[in-house]
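Novice: Here you go, one structure.
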Amino acid sequence: MAKPKSTFFCTDCGHETSGWLGKCPGCGSWNTMQESLKTDSTSKSGKRGTWVASDDEGAKPVGRRIVTMESIETGTTMRQPSKISELDRVLGGGFVQGSLVLIGGDPGIGKSTLLLQVAGQWPSDGMVLYITGEESLQQIRMRADRISIDSKSLRLLAATDFTTLAAAIKETKPDITIIDSVQTMYVEELSAAPGSVSQVREVTAGLLRLAKQLQTTIVLVGHVTKDGSIAGPRVLEHMVDTVLYFEGENLENYRMLRAVKNRFGATDELGVFEMTERGLISVDNASMALLAGRPQNVAGSVITACMEGTRPLLLEIQALVNETSGNFALRMAQGYDRNRLNMLLAAAEKHLGIGFQNYDTYINVIGGLKINETAADLAMLAAVLSSVNDKPTRDKTLICGEIGLTGEIRSVAQADKRAMEASRMGMKSIILPSGNKRQLEGVSLPDKFEIYFVDKLQEAIDIIFS
Ligand code: TYD
Ligand code: MG
């Protein structure tokens, strides 16, 4: 008998290799490669092909299944809004009928809570099936009571084997099925343990087929695991239609929901929630939440605006610059690229004549957010200079601009939206690159809101500290 073929997957990033390795070549994690049997071997039923992926239409001649582009009906994608505004924003308007959605995140971040709230808001003439493999029905009832969910459309089932949950979905034909969590579900035909790479992939493949066949929406919960003992959601990302991740370890009560893949909408949208005693609440005014408790008029704190999808967010950047006590200068950046920080410090040295070789530099983006935009360059450098000179930046002034290596300030995307958000949040002025002048023409901003356009780094710094 032929030896069953196996491949190895990294439980962290999903990287696939043909042999076992101690270190994942994809993400560099140690001890995360896990064996997964290739399912193209003969299954228990004696049929070739994986039992879930086997195609019912296999018997038809292939020629009849090839179609022209025009003959494909486009139809309309049916969306059901979840009525949770921040979730709908991230989904692109709501759950698409027949789609498979994966919600990942650390244990305890609020995945089950959010999905129970989705069930609570569902139209009463529809049906939500909540399949739990993790908590008992009593536990879910207690949570539902706590967050006052009294849904007529919610049906619950405690199950972990695929055959049972597939039968339940087929029998009850719900609008949406919630599987909490994919790591507890298993396919009996596979000998691997629940939560292993083979199991989570097989379960997901089966659910994908069900979702498409029955045109029902299925939401999978996937825990992000640090120790790699069970497979994380990363190994499933390519199989599902939409991937949302919950973030917010160091955000106290704020939780961010980000779409990293969305076949039915934009991927750069960010939803902001607050975890309260009564569940997750959508935060419409995210800038306000992020700026709450900000120190006023202190050195080393600067406000900038970053685009998160279609929405500008005001963020506080803090810098701390101290004389080095060791032999070499430390540079640390939380929520920002350290290489970019090094580049900005080099630009400051060249164009402003300020050297940082004898200073330790620390950067922190408040709220646990990560800045990936070059538009925050000028604000970042302003925070550093403010700390080193122990001088606050201009009062209530938002700073935006990319710094070029020749000391020029380069334009940023969507400057108009950033300026409008600054004014809405009570800022008095904004510093923007001259390249954005045209974009700001015709934008209605209060008369007393000042815009300073700058070309060169020195010119910008003069205004920031005037
Ligand atoms: P949960 O949804 O169970 O997390 P996950 O499914 O992602 O593992 O969230 C659990 C956490 O949320 C727990 O630490 C308690 C907290 N929580 C609240 O603060 N308020 C609430 O109303 C609820 C239901 C949970
Ligand atoms: Mg949970």
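The values are calculated or read from the model by the stated rules, or taken from the named source; none is laboratory data. What you see is a predicted model; the values in this text were computed from it and never measured. We place every Cβ from the backbone using ideal geometry, glycine too, and count neighbours over all the protein chains shown.
Okay, residues lined up against (1) at pLDDT 95 or above; (2) closer than 18 Å to residue 216 by Cα:
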position: 101; (1), (2): yes, yes
position: 106; (1), (2): no, no
position: 110; (1), (2): no, no
position: 124; (1), (2): no, yes
position: 131; (1), (2): yes, yes
position: 142; (1), (2): no, no
position: 145; (1), (2): no, no
position: 149; (1), (2): no, no
position: 153; (1), (2): no, yes
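Novice: Okay, moving on. Where residues in region 14-52 are among the β-branched types (Val, Ile, Thr) and at pLDDT below 85, which of them is nearest to residue 232 (Cα to Cα)?
Specialist: 32
Novice: Only one residue in 121, 139 is assigned by TED's automatic domain parsing to the domain that holds residue 209 and free of Cβ contacts under 8 Å to residues at least 12 places away in the same chain, so which one is that?
Specialist: Of 121, 139, the one residue that is assigned by TED's automatic domain parsing to the domain that holds residue 209 and free of Cβ contacts under 8 Å to residues at least 12 places away in the same chain is 139.
Novice: Which residue pairs have Cβ atoms under 6 Å apart, sit 6 or more places apart or on different chains, and have a first residue in region 59-79 that is within 25 Å of residue 99 (Cβ to Cβ) and a second that is among the aliphatic types (A, V, I, L, M)?
Specialist: Listed by first residue and then by second, the contacts come to 77/96; 79/96.
Novice: Would you confirm, using the coordinates I've provided, whether residue 374 is within 14 Å of residue 306 (Cβ to Cβ) and not small (Gly, Ala, Ser)?
Specialist: So residue 374 fits the description; yes.
Novice: What strands (runs of 3 or more DSSP E), lying completely within region 214-323, carry at least 2 residues that are of a type in the set (Ser, Thr, Tyr) and either within 17 Å of residue 118 (Cβ to Cβ) or in contact with a strand residue (DSSP E or B) (Cβ under 8 Å, 6 or more places away or on another chain) (or both)?
Specialist: Values: elements: 217-223, 242-247, 254-262, 270-276, 279-282, 301-308, 311-323.
Of the strands (runs of 3 or more DSSP E) lying wholly inside region 214-323, those with at least 2 residues that are of a type in the set (Ser, Thr, Tyr) and either within 17 Å of residue 118 (Cβ to Cβ) or in contact with a strand residue (DSSP E or B) (Cβ under 8 Å, 6 or more places away or on another chain) (or both) span 242-247, 301-308.
Novice: Out of 293, 326, 367, report the one residue that is of a type outside the set (A, V, I, L, M, F, W, C), in contact with a helix residue (DSSP H, G or I) (Cβ under 6 Å, 6 or more places away or on another chain) and either away from ligand 2 (no atom under 16 Å from the Cβ) or at pLDDT below 95 (or both). Steps first, answer last, please.
Specialist: On the way: 293 fails: in contact with a helix residue (DSSP H, G or I) (Cβ under 6 Å, 6 or more places away or on another chain); 326 fails: in contact with a helix residue (DSSP H, G or I) (Cβ under 6 Å, 6 or more places away or on another chain).
Within the list 293, 326, 367, the selection yields 367.
Novice: Further, regarding this structure: Does residue 308 meet the test of being of a type outside the set (Val, Ile, Thr), free of Cβ contacts under 8 Å to residues at least 60 places away in the same chain and in the same structural domain as residue 106 (by TED's automatic domain parsing)?
Specialist: The answer is no for residue 308.
Novice: Can I ask one more? Condition check: assigned by TED's automatic domain parsing to the domain that holds residue 112, over 29 Å from the mean Cα position of the chain (by Cα) and away from ligand 1 (no atom under 16 Å from the Cβ). Does residue 167 satisfy that?
Specialist: For residue 167, the condition - assigned by TED's automatic domain parsing to the domain that holds residue 112, over 29 Å from the mean Cα position of the chain (by Cα) and away from ligand 1 (no atom under 16 Å from the Cβ) - is met.
Novice: Right, another one. Could you count how many residues in region 407-455 are among the basic types (Lys, Arg) and part of a loop (DSSP other than H, G, I, E, B)?
Specialist: Within region 407-455, residues that are among the basic types (Lys, Arg) and part of a loop (DSSP other than H, G, I, E, B) number 2.
One line per residue, one yes/no per condition, for (1) farther than 13 Å from residue 178 by Cα; (2) in contact with a Cys (Cβ under 8 Å, 6 or more places away or on another chain); (3) more than 16 Å from ligand 2 (Cβ to nearest atom):
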| site | (1), (2), (3) |
| --- | --- |
| 84 | yes, no, yes |
| 89 | yes, no, yes |
| 99 | no, no, yes |
| 114 | no, no, no |
| 118 | no, no, no |
| 127 | no, no, yes |
| 144 | yes, no, no |
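Here is a yes/no grid of residues against (1) in the same structural domain as residue 335 (by TED's automatic domain parsing); (2) not aliphatic (A, V, I, L, M):
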residue: 248; (1), (2): no, yes
residue: 254; (1), (2): no, yes
residue: 259; (1), (2): no, no
residue: 262; (1), (2): no, yes
residue: 274; (1), (2): no, yes
residue: 280; (1), (2): no, no
residue: 293; (1), (2): yes, yes
residue: 296; (1), (2): yes, yes
residue: 299; (1), (2): yes, no
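Novice: All but one of (1) more than 14 Å from ligand 1 (Cβ to nearest atom); (2) touching a Ser or Thr at 6+ places or on another chain (Cβ under 6 Å); (3) under 27 Å from residue 235 (Cβ atoms) hold for residue 90; which doesn't?
Specialist: Here residue 90 meets the rest and fails (2).
Novice: Now, a different point. Which number in (1) small (Gly, Ala, Ser); (2) within 29 Å of the chain's Cα centre (by Cα); (3) surrounded by 20 or more Cβ atoms within 10 Å (Cβ to Cβ) marks the one condition that residue 413 misses?
Specialist: Evaluating residue 413 over (1) small (Gly, Ala, Ser); (2) within 29 Å of the chain's Cα centre (by Cα); (3) surrounded by 20 or more Cβ atoms within 10 Å (Cβ to Cβ) leaves (3) as the failure.
Novice: Consider residue 151 carefully, then state whether it is assigned to a loop (DSSP other than H, G, I, E, B) and touching a helix residue (DSSP H, G or I) at 6+ places or on another chain (Cβ under 7 Å).
Specialist: Yes, satisfied.
Novice: Just checking, which of 190, 165, 156 is in a strand (DSSP E or B), of a type in the set (A, V, I, L, M, F, W, C) and at negative phi?
Specialist: That would be 156, the only listed residue that is in a strand (DSSP E or B), of a type in the set (A, V, I, L, M, F, W, C) and at negative phi.
Novice: Right, something else. Test residue 219 against the criterion of being β-branched (Val, Ile, Thr) and either touching a helix residue (DSSP H, G or I) at 6+ places or on another chain (Cβ under 9 Å) or surrounded by 24 or more Cβ atoms within 10 Å (Cβ to Cβ) (or both), and give yes or no.
Specialist: Judged against the criteria, residue 219 is a match.
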